[in-house]
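Shown next, in structure tokens, is the structure this report addresses.
The values are calculated or read from the model by the stated rules, or taken from the named source; none is laboratory data. What you are looking at is a predicted structure, and each value in this text was computed from that prediction instead of being measured. Quick reminder, even Gly has a Cβ in these numbers, built from the backbone with ideal geometry, and neighbours come from all protein chains shown.
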């Protein structure tokens, strides 16, 4: 019977039960020893499992995504437009997230005592922060670029904090695969394609224990942070609520702002009609939290309801399911700064720019499956020196937010697909005439 309950419902149940369990322990003054010794390790196992697959997930997904471009010549036109649109909208989403979280500061309302407890809990190496800061200060202005290129790939792959180096190698390897004979590249690409499928299946296994992990993390978080002061738990929950509202507000602005303006600038397809046509895919993405699982439905709707040619949709949409994660990117920016605020860590401009770069590259390597965004968030956190275990702070509402950001990801894929198709004249004449005035004028001249 329990297996028939949808995973997102199980996770929400785990969240609520963990919250109630922790508050009961605190309210009635029950010893936290049982929670810390026997429940918290389940959450730790869940976090470690997510970290375990971070490197192979990025490596395999990114190599497959780049190699799926087919050949370099496609980058000159359709591929170039598609990748440019995806990257630009991703950077806009991340920047919007940083602006919102720095303006509303959801993590700043926590009292200093709570922040100290959080830092003690999540950062065993807190004493090394001063030396780390001094090392960053003494480094040259181009050091971040130097650090992207690994001197030892194996060493980089063994450290989640060096994920940018793994991403760099994966991009170079993917481009190289496009430029060697296809018969020689096929063995390599087939291997990483299979590895990507294996990793996605492992993600599914890990998400099976997500309800228990969420329960354990929430329960232990409430017990350890509140201690003998229940008010601390309430303050933390209020901060989480404010954080959730900031993320959801940002996701809403991406859809009604960025995507609607994109359609208005490059097409004349009414935004309302676009949303209505895409609604089944958006609802499916909301329920599955997987842009990859929704991809067949998205392609069908974009082709049949919006009139995009199969040639364009079969290239733009699968690529988007791999590299276009605008909702996830905004969430990562907000979550990273929120966790830093909650821990009392002031992020410099350089660190926030690192968030933009890391989140953009992480979006390229993020698989379109439930839980992948959480893995990428750990990468972003460790890239800016924030303890990766801090994801325990935001994991409670993560599943709910995952559902909403998947809707944004799917909508972004379709918006870019329609835009590229319109500029390429790969839509039916009626829709081209409605959406692309330049093409319409050309057709009218031909008819005359």
Members of the range 194-216 found to be in contact with a helix residue (DSSP H, G or I) (Cβ under 7 Å, 6 or more places away or on another chain) and either surrounded by fewer than 15 Cβ atoms within 10 Å (Cβ to Cβ) or under 30 Å from residue 21 (Cα atoms) (or both), listed by number: 203, 206, 207, 209, 210, 211, 212, 213, 214, 215, 216
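Residues are listed down the side, and each one gets a yes or a no for (1) in contact (Cβ under 8 Å) with a residue 12 or more places away in the chain; (2) farther than 30 Å from residue 177 by Cα; (3) touching a helix residue (DSSP H, G or I) at 6+ places or on another chain (Cβ under 8 Å); (4) in a helix (DSSP H, G or I):
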| site | (1), (2), (3), (4) |
| --- | --- |
| 17 | yes, yes, yes, yes |
| 21 | yes, yes, yes, yes |
| 30 | no, yes, yes, no |
| 39 | yes, yes, yes, yes |
| 48 | no, yes, no, yes |
Residue match in the range 380-388 (condition: at pLDDT below 80, in contact with a helix residue (DSSP H, G or I) (Cβ under 9 Å, 6 or more places away or on another chain) and surrounded by 24 or more Cβ atoms within 10 Å (Cβ to Cβ)): yes
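Please enumerate the residues belonging to the range 207-216 that are modelled with pLDDT of 80 or more and part of a helix (DSSP H, G or I).
If the condition is that a residue be modelled with pLDDT of 80 or more and part of a helix (DSSP H, G or I), then 208, 211, 212, 213, 215, 216 are the ones that fit.
Residue-by-condition table, conditions (1) surrounded by fewer than 23 Cβ atoms within 10 Å (Cβ to Cβ); (2) at pLDDT below 70; (3) within 17 Å of the chain's Cα centre (by Cα); (4) not in a helix (DSSP H, G or I):
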{"position": "70", "(1), (2), (3), (4)": "yes, yes, no, yes"}
{"position": "74", "(1), (2), (3), (4)": "yes, yes, no, no"}
{"position": "81", "(1), (2), (3), (4)": "yes, no, no, no"}
{"position": "87", "(1), (2), (3), (4)": "yes, no, yes, no"}
{"position": "92", "(1), (2), (3), (4)": "yes, no, yes, no"}
{"position": "101", "(1), (2), (3), (4)": "no, no, yes, no"}
{"position": "113", "(1), (2), (3), (4)": "yes, yes, no, no"}
{"position": "117", "(1), (2), (3), (4)": "yes, yes, no, no"}
Given (1) closer than 27 Å to residue 253 by Cα; (2) outside any helix (DSSP H, G or I); (3) modelled with pLDDT of 85 or more, number of the condition residue 151 does not satisfy: (1)
Residues that are at pLDDT 70 or above, closer than 30 Å to residue 19 by Cα and under 21 Å from the mean Cα position of the chain (by Cα), drawn from the range 45-68: 46, 47, 48, 49, 50, 51, 52, 53
Cβ pairs under 9 Å, 6+ apart, first in the range 341-356 and on the phi > 0 side of the Ramachandran plot and surrounded by 14 or more Cβ atoms within 10 Å (Cβ to Cβ), second modelled with pLDDT under 85 and in a helix (DSSP H, G or I): 344/112; 344/115; 344/116; 344/118; 344/119
So residue 303, is it exposed (fewer than 14 other Cβ atoms within 10 Å of the Cβ) and closer than 25 Å to residue 67 by Cβ: no
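Residues are listed down the side, and each one gets a yes or a no for (1) buried (at least 22 other Cβ atoms within 10 Å of the Cβ); (2) over 30 Å from residue 170 (Cβ atoms); (3) touching a strand residue (DSSP E or B) at 6+ places or on another chain (Cβ under 8 Å); (4) modelled with pLDDT under 70:
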residue	(1), (2), (3), (4)
376	yes, no, no, no
392	yes, no, no, no
396	yes, yes, no, yes
402	yes, no, no, no
405	yes, no, no, no
433	no, yes, no, yes
443	no, yes, no, yes
447	no, yes, no, yes
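If I filter the range 1-12 down to residues being more than 13 Å from residue 208 (Cβ to Cβ) and surrounded by fewer than 15 Cβ atoms within 10 Å (Cβ to Cβ), which single residue comes out as modelled with the lowest pLDDT?
The qualifying residue modelled with the lowest pLDDT is 1.
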